[in-house]
Amino acid sequence: MRVFRKISELRQFISEQRFLNKSIGFVPTMGALHSGHSELLRVARNQSDIVVCSIFVNPTQFNNQEDLINYPRTTDRDIELLKAVECDALFLPEADEIYKEETRLKFNFGWLESTMEGLHRPGHFNGVAVVVSKLFHIVNPDFAYFGQKDLQQLAIIKQLVKDLSFPVSIISVPTVRESSGLAKSSRNERLSIEGKNIAAHINKSLAQLESQLLSGISFDEYKSESINYLKDKGIEVEYLELVDSETMKAVSNKLNDNSVALCIAAVVEGIRLIDNRIF
Ligand code: PAF
């Protein structure tokens with residue numbers, strides 16, 4: 001696997017591959033790779049000639065400095081995982097390679113970001129949209145792979161690609177879970193074993209809520225029961241919403257064939273986790 005730290009060197013590699021008519025699949029990450037990322041890379045490997053992964057803990061998408069400082073960084077281990085899944089190239093830039101100077105551009109995704117993560121993490125999606133745009137310009141991929149765990153991010157990136165006519169297909173990949181149902185996340189590394197057991201109740205409660213909704217009970221009737229159930233288990237819910245899974249608009253029930261998503265952000269042992277169930 002080739003490792004590039006400079007934009008110019010990666011661009012040179014990409015243009016050589018383009019000259020050879022190779023398709024490029026891109027998996028952008030912030031490192032601390034786990035089997036959720038392996039799945040993105042596996043799908044990319046099956047679909048593209050050349051697989052490029054980036055590891056960049058993007059400072060501009062953190063609205064909380066402590067969260068940025070504590071974000072797990074496991075580069076040596078990540079490189080081993082990338083080699084094992086036969087990734088061809090890793091882009092591993094320093095912050096000043098990506099942000100030579102402060103970015104002035106501001107994105108506004110309107111109602112797509114006025115709820116859930118957008119509401120609770122001001123500036124987060126602006127930071128994501130800026131860095132993903134930069135990475136798309138650098139890597140120029142045919143396909144880019146994103147996990148469904150970050151469902152609102154996925155909707156924002158699809159909008160970004162449409163609005164700015166990026167010539168890339170966005171491929172969404174289902175969430176990978178522990179056997180307990182806990183969604184794989186780099187943040188899980190910061191939970192104790194006990195914390196992981198507690199956090200498994202997040203997905204359990206979403207599954208219960210899903211079956212209640214499918215049996216006709218309205219979301220509002222059951223929402224506070226779910227929040228209290230999680231509170232009893234030691235989980236503090238930041239938000240719990242039922243939304244249209246494409247538009248992110250709140251809905252009160254699954255009334256037609258449109259797919260909906262139960263989305264949650266919750267805190268366990270001081271670690272903020274997100275998850276969702278699409279049905
Ligand atoms: O989902 C992530 O890991 C990040 O938000 C992304 C897309 C790599 C942008 O920094």
Handout entry: All-pairs alpha carbon distance profile, the chain, 10 Å steps from 0, percent
Key = 6, 28, 36, 22, 7, 1
Fill in the blank from the handout: Net charge (Lys, Arg +1; Asp, Glu -1) of residues whose beta-carbon lies under 13 Å from that of Asn46, Asn46 excluded, is -1
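Under the rule of -39500 (n - 2.57) per DSSP H run of 4 or more residues, summed and divided by the residues of the chain, what mean residue ellipticity at 222 nm is obtained, to the nearest 500 deg cm²/dmol?
Numbers: 10 runs with 116 residues, N = 279.
Calculated at 222 nm, the ellipticity per residue is -13000 deg cm²/dmol.
Using a 1.4 Å probe, what is the accessible area per residue for the chain, in Å²?
Numbers: 13360 Å² over 279 residues.
Accessible area per residue: 48 Å².
With a 10 Å radius around each residue's Cβ, average the other Cβ atoms per peptide and rank 134-140, 257-263, highest first. Write down the numbers at each step before the final one.
Values: 134-140: 19.3, 257-263: 17.0.
Ranked by mean Cβ neighbours within 10 Å, highest first: 134-140, 257-263.
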Exercise for the section: Step through the table entries Lys149/Lys231; Lys100/Lys162; Lys184/Lys223; Lys106/Lys162; Lys158/Lys249; Lys149/Lys196, compare each Cα-Cα distance with 19 Å, and write down the pairs that go over it. Expected result: Lys149/Lys231; Lys100/Lys162; Lys184/Lys223
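Could you tell me what percent of the accessible area of the chain is made up of carbon and sulfur, with a 1.4 Å probe and every protein chain present?
Working: 6410 of 13360 Å².
Carbon and sulfur together cover 48 percent of it.
For the stretch 197-279, what does the relative contact order come out to in percent, with C-alpha contacts under 8 Å and a separation of six or more? Before the final figure, lay out each step's value.
Numbers: 127 pairs, mean separation 24.8, N = 83.
30 percent.
Order Tyr145, Tyr229, most accessible first, counting only protein heavy atoms with a 1.4 angstrom probe.
Values: Tyr145 0, Tyr229 60 Å².
Listed by decreasing accessible area, they come as Tyr229, Tyr145.
For the ranges 162-168, 272-278, 221-227, what's the packing order if you count other beta-carbon atoms within 10 Å of each residue, average per peptide, and put the highest first?
Sorting 162-168, 272-278, 221-227 by mean packing, highest first, produces 272-278, 221-227, 162-168.
Let me check I've understood the local charge: for Thr74, count other residues with C-beta under 11 angstrom from its C-beta, Lys and Arg +1, Asp and Glu -1. What total comes out? Please list the in-between numbers first.
Numbers: positive: Arg73, Arg77; negative: Asp76, Asp78, Glu80, Glu189.
Combined, the nearby Lys, Arg, Asp and Glu give -2.
Under a Cβ-only charge scheme (Lys and Arg +1, Asp and Glu -1), can you give me the dipole magnitude of the stretch 1-125 about the Cα centre, in debye to the nearest 20? Intermediate values should be presented prior to the final figure.
On the way: 15 positive and 18 negative charges, 67 e Å.
In debye, rounded to 20, the stretch 1-125 gives about 320.
Given the Cα-Cα distance of Ser259 and Leu119 and 0.36 nm per residue of separation, how much length would full extension add, in nm?
48.2 nm
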Handout entry: 0 to 90° range, to nearest 10: angle between helix 124-139 axis and the chain longest Cα axis
Key = 30 degrees
Practice task
Find out how many positive minus negative residues lie around Asp96, taking Lys and Arg as positive, Asp and Glu as negative, among other residues whose Cβ is under 15 Å from that of Asp96.
Solution key: 0
Problem - Efficiency of FRET from Cβ geometry, Asn197 and Ile278, R₀ 30 Å, rounded to 0.05 - result: 0.75
Exercise for the section: Only residues of the stretch 61-77 count here: report those whose backbone N is under 12 Å from the spot 7 Å along Cα→Cβ of Thr103, or say none. Expected result: 61-62
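When the Cα atoms of the stretch 135-225 are enclosed in a convex hull and the volume is divided per residue, what value in Å³ results? Write down the numbers at each step before the final one.
Numbers: hull volume 13.1 nm³, N = 91.
For the stretch 135-225, the hull spanned by Cα atoms encloses 144 Å³ per residue.
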Handout entry: Calculated over the stretch 18-175: convex hull of Cα atoms, volume per residue (Å³)
Key = 118 Å³
Practice task
Taking the dipole about the Cα centre of the chain, with the C-beta of Lys and Arg at +1 and of Asp and Glu at -1, give me whichever of Gln47, Ser215, Val128 is farthest to the positive side.
Solution key: Gln47
Fill in the blank from the handout: Taking N as the residue count of the stretch 1-69, its alpha carbon Rg divided by 2.2 N^0.38 Å gives 1.30
Problem - Three semi-axes of the equivalent ellipsoid, the stretch 155-279, Cα gyration tensor, whole Å, largest first - result: 26, 21, 12
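Could you calculate the contour length gain from Asp49 to Thr74, that is, 0.36 nm times the residue separation minus the distance between their Cα atoms, to one decimal place in nm? Please list the in-between numbers first.
Values: separation 25, 0.36 × 25 = 9.00 nm, distance 2.68 nm.
Gain on stretching Asp49 to Thr74: 6.3 nm.
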Practice task
Starting from the amide H of Phe4, placed 1.01 Å from N in the peptide plane, find each other amide H under 5 Å away whose residue is 5 or more places distant or on another chain.
Solution key: Leu90, Phe91, Leu92
Handout entry: log10 of Debye I(q)/I(0), alpha-carbon scatterers only, for the stretch 181-254 at 0.21 Å⁻¹
Key = -0.99
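The values are calculated or read from the model by the stated rules, or taken from the named source; none is laboratory data. Because the structure is predicted, anything quoted here is derived from the model rather than measured. So basically every Cβ, Gly included, is an ideal-geometry build from the backbone, and we count neighbours across all protein chains shown. Side chains included, ligands, DNA and RNA excluded: accessible areas come from the protein's heavy atoms. Shrake-Rupley method; radii C 1.70, N 1.55, O 1.52, S 1.80 Å.
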